[in-house]
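**Student:** Sending over a structure as structure tokens; questions will come in a sec.
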């Protein structure tokens, strides 16, 4: 069983977070993006995940932009740029930027590439229960919902 690694980041409300400890759901659905253009892939899932959160009260989702570690000044510019583009405080709270060695992070979760977003469902013990990849597709969402319902 793969368990989510311990990593540190900050959300777009400028709050420091230690993950997975600071995930709030009984089940947490993570949308992991490695490139700026992948935000459109994340956005394709938002209507569905909002519906799932209403349907399954213990479920929470997070957006995790994963960026190669860099200088404090660069981090500040990137974070403030993302913050400016996301006015919704709930989305800002749930968007936790991780600056780290991307290959190590990907390998720890067995994510094969950075070409698309990865959707990772964590169970109660921060174990990876299910993974998907890419833009929203109804069949993929149905498979993911079945896994959520079974937990």
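The values are calculated or read from the model by the stated rules, or taken from the named source; none is laboratory data. Owing to the predicted nature of the structure, the values given are computational and were not obtained by experimental measurement. Don't worry about glycine lacking a Cβ; one is built from the backbone with ideal geometry, like all the others, and counts go over all protein chains shown.
**Student:** Could you go through the stretch 110-124 and let me know if any residue there is in a helix (DSSP H, G or I), out of contact with any strand residue (DSSP E or B) (no Cβ under 6 Å at 6 or more places or on another chain), surrounded by fewer than 17 Cβ atoms within 10 Å (Cβ to Cβ) and without any contact (Cβ under 8 Å) to a residue 60 or more places away in the chain.
**Tutor:** Taking the stretch 110-124 first, the residues in a helix (DSSP H, G or I) are none.
No, the stretch 110-124 has no match at all.
**Student:** Taking the criterion of being part of a strand (DSSP E or B) and at pLDDT 95 or above, would at least one residue in the stretch 37-55 satisfy it?
**Tutor:** First, the residues of the stretch 37-55 that are part of a strand (DSSP E or B): none.
The answer is no, given that none of the residues of the stretch 37-55 is part of a strand (DSSP E or B) and at pLDDT 95 or above.
**Student:** Then there's this: Output the number of residues of the stretch 56-109 satisfying the condition of being under 15 Å from the mean Cα position of the chain (by Cα) and either outside any helix (DSSP H, G or I) or surrounded by fewer than 12 Cβ atoms within 10 Å (Cβ to Cβ) (or both).
**Tutor:** Qualifying residue count for the region: 16.
**Student:** Something else: Given the options 80, 15, name the one that is in contact with a helix residue (DSSP H, G or I) (Cβ under 8 Å, 6 or more places away or on another chain) and over 26 Å from residue 136 (Cβ atoms).
**Tutor:** 15
**Student:** Give me the residue from the stretch 1-36 that is surrounded by fewer than 18 Cβ atoms within 10 Å (Cβ to Cβ) and outside any loop (DSSP other than H, G, I, E, B) and, out of that set, modelled with the lowest pLDDT.
**Tutor:** 36
**Student:** OK, next. Can you say whether residue 96 is modelled with pLDDT of 95 or more and farther than 20 Å from residue 39 by Cβ, as far as the supplied structure shows? Walk me through how you get there before you give the answer.
**Tutor:** Numbers: modelled with pLDDT of 95 or more: yes; farther than 20 Å from residue 39 by Cβ: no.
No, not satisfied.
**Student:** What number of residues within the stretch 78-92 are within 18 Å of residue 53 (Cβ to Cβ) and either out of contact with any strand residue (DSSP E or B) (no Cβ under 8 Å at 6 or more places or on another chain) or modelled with pLDDT of 95 or more (or both)?
**Tutor:** Qualifying residue count for the region: 3.
**Student:** Here's something else I'd like to know. Which members of the stretch 132-151 meet the condition of being part of a strand (DSSP E or B) and touching a helix residue (DSSP H, G or I) at 6+ places or on another chain (Cβ under 8 Å)? It would help to see each step written out before you state the result.
**Tutor:** Initial filter on the stretch 132-151 (part of a strand (DSSP E or B)): 132-133.
Hit for the stretch 132-151 is 132, nothing else.
**Student:** While we're on this one: Output the number of the condition that residue 75 fails; it satisfies all remaining conditions of (1) touching a residue at least 24 places away in the same chain (Cβ under 8 Å); (2) under 22 Å from residue 125 (Cα atoms).
**Tutor:** (2)
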